[in-house]
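The values are calculated or read from the model by the stated rules, or taken from the named source; none is laboratory data. The shown structure was predicted, so the numbers you read here are calculated from the model rather than taken from an experiment. Cβ placement follows ideal geometry from the backbone for every residue including glycine, while neighbour counts extend to all protein chains displayed. In case anyone asks, the SASA skips ligands and DNA or RNA and just uses the protein heavy atoms, side chains included. Shrake-Rupley method; radii C 1.70, N 1.55, O 1.52, S 1.80 Å.
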Amino acid sequence: MAGHLVEVTTKDRIPLQDTMLLGRKKDCHIRLTDSRVSRQHAMIRRQDDGDYWFYDLGSSNGSYINDQRVITTRKLGNSDTIRICDHEYQFDAGSGSLDAGGLPEDALDATISEIRTIPVVMLVSDIKGFTKISEALPPDLLAQTIGSWYRECDEVLSEHGATVDKFIGDAVLAYWMDVNPETRARALTGARALRQACDRIAERQAGTFAEHGLVLESGIGLHLGKVAHGQMGQGAFTMLGDAVNITFRLESLTRPLKRQILVSDEFLTGWNEGYQFCRHEGSHIVKGRTTPLEVYSVKTFPDGQSS
């Protein structure tokens, strides 16, 4: 059974879809007509394991779970109370669910259907130096900065045809199920748009970041590989496999190599034109693997713009 939000005052029950936007904007799934509420204030997303996660989207007045301000992603537990200004909801995880971190009672009965091993293009983006940023910024500003990044990631990746698999703290994992050259070109331009979105957020917070000696940058890794992809019995999708881990490791190389966007050799294989957009950065051993990764940085993009 899907989760619900229960409006505390009216006791109205709102069934949760895989993605729910809360805010003042007309197209939000839960519209809050309150001038203190941001146009896109917060988001609830169901992850591939069936858990629901809450994100504040950089709102001015914040979002609170159990009276604690939401700074980064927060997994919802049964009976958690969500408060946005004067609007209050209780999270009902649905029948057969436990508190956050637990397994549904019917987990043994859930089946994984239509599991296929398929090639996908994967993207991982992660905020560089997030620990330092989180220690230096006041909680309100940190919440607005990270929330703005979540919102920009969701919008940019959707515009470029990607599916957001999950947000994990200060990182996002997304994928494209087509692997043809057109899709790979779109993934490259999507990566650039994601980087530009991070730059826009940094510009808005330039004074505060400079005051604390901070820089807001994100690393991006693009990889193509086979994953096990399928649908859980309750409707949530899962994407598993070594290729997912490789994508995360590839993104982690952006720091020592001092590059913002890195792609794997597998991402370019079979797309000869793609090599002209990239610069070879050598072979690198990453954590958990004995075989080196052939890595490329992006110097230009399919539309002719430089990196």
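Can you tell me which residues in segment 15-68 are β-branched (Val, Ile, Thr) and more than 29 Å from HIS229 (Cα to Cα)? Don't jump to the end; show me each part of the working.
The first filter runs over segment 15-68 and keeps only residues β-branched (Val, Ile, Thr), leaving 19, 30, 33, 37, 44, 65.
ILE30, THR33, VAL37, ILE65 - these are the residues of segment 15-68 that are β-branched (Val, Ile, Thr) and more than 29 Å from HIS229 (Cα to Cα).
Select from segment 34-82 the residues that are among the β-branched types (Val, Ile, Thr) and in a strand (DSSP E or B) and write down the one among them that is surrounded by the fewest Cβ atoms within 10 Å (Cβ to Cβ). Don't jump to the end; show me each part of the working.
The initial filter retains those residues of segment 34-82 that are among the β-branched types (Val, Ile, Thr), namely 37, 44, 65, 70-73, 81-82.
Now drop any that are not in a strand (DSSP E or B), which leaves 44, 65, 81-82.
On the way: ILE44: 23, ILE65: 18, THR81: 14, ILE82: 22.
In this case the residue turns out to be THR81.
Please name all residue pairs, on different chains or six or more residues apart, with Cβ atoms under 9 Å, provided the first residue is in segment 115-141 and is within 30 Å of MET177 (Cβ to Cβ) and open to solvent by 10 Å² or more (accessible area, probe 1.4 Å) and the second residue is assigned to a helix (DSSP H, G or I) and not acidic (Asp, Glu).
Once the first residue is within 30 Å of MET177 (Cβ to Cβ) and open to solvent by 10 Å² or more (accessible area, probe 1.4 Å) and sits in segment 115-141, its partners that are assigned to a helix (DSSP H, G or I) and not acidic (Asp, Glu) give PRO119/ALA243; ASP126/PHE248; ASP126/SER252; PHE130/ILE146.
To keep it simple, each residue is scored yes or no on (1) farther than 21 Å from GLU217 by Cβ; (2) touching a residue at least 40 places away in the same chain (Cβ under 8 Å); (3) of a type in the set (Lys, Arg); (4) open to solvent by 40 Å² or more (accessible area, probe 1.4 Å).
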| site | (1), (2), (3), (4) |
| --- | --- |
| ASP242 | yes, no, no, yes |
| ILE246 | yes, yes, no, no |
| GLU251 | no, yes, no, no |
| LEU262 | no, yes, no, no |
| VAL298 | no, yes, no, no |
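Mind checking which strands (runs of 3 or more DSSP E) fall wholly inside segment 190-294 and carry at least 3 residues that are out of contact with any strand residue (DSSP E or B) (no Cβ under 6 Å at 6 or more places or on another chain) and at pLDDT 90 or above? If you could, list the steps in order and put the result at the bottom.
Values: elements: 218-232, 237-240, 261-264, 278-284.
Where strands (runs of 3 or more DSSP E) fall fully within segment 190-294, none carries at least 3 residues being out of contact with any strand residue (DSSP E or B) (no Cβ under 6 Å at 6 or more places or on another chain) and at pLDDT 90 or above.
Any residue that is open to solvent by 80 Å² or more (accessible area, probe 1.4 Å), farther than 17 Å from ARG151 by Cα and not small (Gly, Ala, Ser) - is there at least one of those in segment 16-30?
There is at least one residue in segment 16-30 that is open to solvent by 80 Å² or more (accessible area, probe 1.4 Å), farther than 17 Å from ARG151 by Cα and not small (Gly, Ala, Ser).
Which numbered condition trips up GLY221, out of (1) closer than 17 Å to ASP126 by Cα; (2) touching a His at 6+ places or on another chain (Cβ under 6 Å); (3) not β-branched (Val, Ile, Thr)?
(2)
Do we find that LEU268 is on the phi < 0 side of the Ramachandran plot, more than 23 Å from the chain's Cα centre (by Cα) and surrounded by 12 or more Cβ atoms within 10 Å (Cβ to Cβ) in this structure?
Numbers: on the phi < 0 side of the Ramachandran plot: yes; more than 23 Å from the chain's Cα centre (by Cα): yes; surrounded by 12 or more Cβ atoms within 10 Å (Cβ to Cβ): yes.
In short, yes.
Taking the condition of being crowded, with 17+ Cβ neighbours inside 10 Å and basic (Lys, Arg), how many residues in segment 172-210 meet it?
Total satisfying the criteria: 4.
Name the one entry in GLY169, GLY161, GLY213 that is at positive phi, under 17 Å from the mean Cα position of the chain (by Cα) and open to solvent by 30 Å² or more (accessible area, probe 1.4 Å).
On the way: GLY169 fails: open to solvent by 30 Å² or more (accessible area, probe 1.4 Å); GLY213 fails: under 17 Å from the mean Cα position of the chain (by Cα).
Only one candidate qualifies: GLY161.
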